[in-house]
Amino acid sequence: MIEIAGLVKRYGAQEVLRGIDLHIRRGRVTAIVGPNGAGKTTLIKIILGLVRADAGRVVVDGAPVDGECAYRARIGYMPQLARFPQNLTGAELLAMLGDLRREPGAVRRLPGQEALIEQFALAPFLSRPVRALSGGTRQKLSAVMAFLFDPDLLILDEPTAGLDPVASGVFKDRILAERDEGRTFILSSHFMNELQELADDVVFLLDGRIRFAGALHDLMRSTRQANLGRAISHLLSREVAA
Amino acid sequence: MIGVPAASRKIMTYELRDVARSRWLIAYTLFFLAVTDALLRFGGAGKALVSLVSITLFVIPLVALVFGTVYLDNARDFTELLLAQPVTRRQLFGGLYLGLALPLGAAFAVGVLVPFALHGLEDPAQRASVAVLVLVGLALTCVFTALAFVVASLSDDRLKRMAAAIGVWLLVAVLYDGIVLVVVMLFGDRAIERPMLGLMIANPVDLARVLLLLQFDLSALMGYTGAVFQRFFSGARGTAIAASALAVWVVAPVLFGLRMFERRDF
């Protein structure tokens, strides 16, 4: 699904990504983990074309990411922090994305939209301006936006950070169900037990380099730890010792 | 709108809705309504126009820069979301720019034109002056909205961006005359007319002022660069040159801002 080769990104003197080579497989949930500042969000943003890499290349489904925008039609993105124009309502925002995404003359509402809104219990909030919504509700709105257009690839940057347990459960079920339909997920999160439930593959980033990339069960087997959190701390401590 | 890509138009439409509901914009409209109305009530059309020239030159750059910077700050995450859609940066820039420049321009035009329309204006020369005032005000709105985009891509630090916006305003609207005076004091004994013209063209606020005062025939209020300009180019030729230079100012920051927007990381 995604091929990344030799990716380097600097912010001024600071090298955030120092040569990333990575293959992200179709139809699987890939978790990107690593301490704060490891380069997770930068990597995600380069895949989306939000950040320009200094060297290396990214190919999404055969199309190189180099200023073209068409490939993003098949991507759903949920940013770390959901902030929208304060004076617009949720319904207007959804309509806007629909306007931008859909071919002219297509149906006004997507068939899945109602179900999605119901799933996240968003209906009562859609007519209010965004500034009147709580952080969690905005996060749900952001989740609906990511899933809305039936994307092949979903990129979720710490998606459950602001969600209540109910919404977060709905969210996880949805991820697994959609993965089983063949969709690809890239997920970054600090909640290790959550990633343990969801991830098929794990990418461990540290100081801008990949320290582990492979299947979750391989990671568990090679580190011989009880869970993902311990496996990652095991990798980390090995790094520190080396 | 011919020539604007469909995606830009869609973004602009939603941006317009958002901006139109902001209290800032309503206050800005009310400000020009109240000031124009008061000036007309207490001074008559002639005096009102002259006062409006100074207010326009002072307030429009400030509001476009500050409102623009604050707006783009708030829209930063939203910009990220839009850039994750199948939209090019150029289209998004177009949508954001028009969604900001149009309501600011409309607020100013409504604020000035409605009181004049209510009070009635018989003299055709004064009508022309009102028209020129509104056109120049719209041009300044475009220039400084685009400069707000440039300022917004200068730094990732919110405070620095705001300081830069206010700095630009202080430079072009307040300190410029002083700088010109210093130049004149230092090089007063040489032929400095041409550099003076260059200085005037380098400042859109100065250009706008000369354009307005040529229209109003008020060389006393023109300042040093304006007086030099009038000696060089009087009448229609001067107006044409100043207007073309201002037109360049409307286009150049947009292109520059777009270039920065296309290269930026979000």
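If I ask for residues that are in contact with a Gly (Cβ under 8 Å, 6 or more places away or on another chain) and either part of a loop (DSSP other than H, G, I, E, B) or within 14 Å of chain B (Cβ to nearest Cβ) (or both), which ones from the range A:35-67 would you list? Don't jump to the end; show me each part of the working.
Kept after step one, since they are in contact with a Gly (Cβ under 8 Å, 6 or more places away or on another chain), are these residues of the range A:35-67: A:38-40, A:49, A:55-57, A:65, A:67.
Within the range A:35-67, A:A38, A:G39, A:G49, A:V65, A:G67 meet the criteria.
Taking the conditions (1) away from every other protein chain (no Cβ under 13 Å); (2) among the small types (G, A, S); (3) part of a helix (DSSP H, G or I) in turn, A:A73 satisfies each one other than (1). Residues A:L141, A:L236, A:L163: which one is buried (at least 19 other Cβ atoms within 10 Å of the Cβ) and not in a loop (DSSP other than H, G, I, E, B)? Checking each option against the conditions leaves just A:L141. Here A:E92 fits the description: under 28 Å from B:D73 (Cα atoms) and either at the interface with chain B (Cβ under 8 Å from one of its Cβ atoms) or under 17 Å from the mean Cα position of the chain (by Cα) (or both).
Does the range A:176-198 contain at least one residue that is in contact with a Phe, Trp or Tyr (Cβ under 7 Å, 6 or more places away or on another chain) and either within 14 Å of another protein chain (Cβ to nearest Cβ) or in a strand (DSSP E or B) (or both)?
Here is the first cut: in the range A:176-198, the residues in contact with a Phe, Trp or Tyr (Cβ under 7 Å, 6 or more places away or on another chain) are A:179.
Those left that are additionally either within 14 Å of another protein chain (Cβ to nearest Cβ) or in a strand (DSSP E or B) (or both): none.
Among the residues of the range A:176-198, not one is in contact with a Phe, Trp or Tyr (Cβ under 7 Å, 6 or more places away or on another chain) and either within 14 Å of another protein chain (Cβ to nearest Cβ) or in a strand (DSSP E or B) (or both), which makes the answer no.
A:L153 satisfies every condition listed in (1) within 13 Å of B:Q85 (Cα to Cα); (2) in contact with a Lys or Arg (Cβ under 9 Å, 6 or more places away or on another chain); (3) surrounded by fewer than 18 Cβ atoms within 10 Å (Cβ to Cβ) except (3).
Restrict the check to the range B:28-46 and report whether at least one residue is among the hydroxyl-bearing types (S, T, Y) and not in a helix (DSSP H, G or I). Outline the logic, then answer.
Keep residues of the range B:28-46 that are among the hydroxyl-bearing types (S, T, Y), which gives B:28-29, B:36.
Next cut, not in a helix (DSSP H, G or I) only: none.
No - not one qualifying residue is present in the range B:28-46.
Restricting attention to the range B:4-53 and to residues that are more than 14 Å from every other protein chain (Cβ to nearest Cβ), small (G, A, S) and without any contact (Cβ under 8 Å) to a residue 60 or more places away in the chain, the residue that is nearest to B:L98 (Cα to Cα) turns out to be B:A27.
Bear in mind these aren't lab numbers, they're just calculated from the coordinates by the rules spelled out. The shown structure was predicted, so the numbers you read here are calculated from the model rather than taken from an experiment. All Cβ positions, glycine included, derive from the backbone under ideal geometry; neighbour counts span all protein chains shown.
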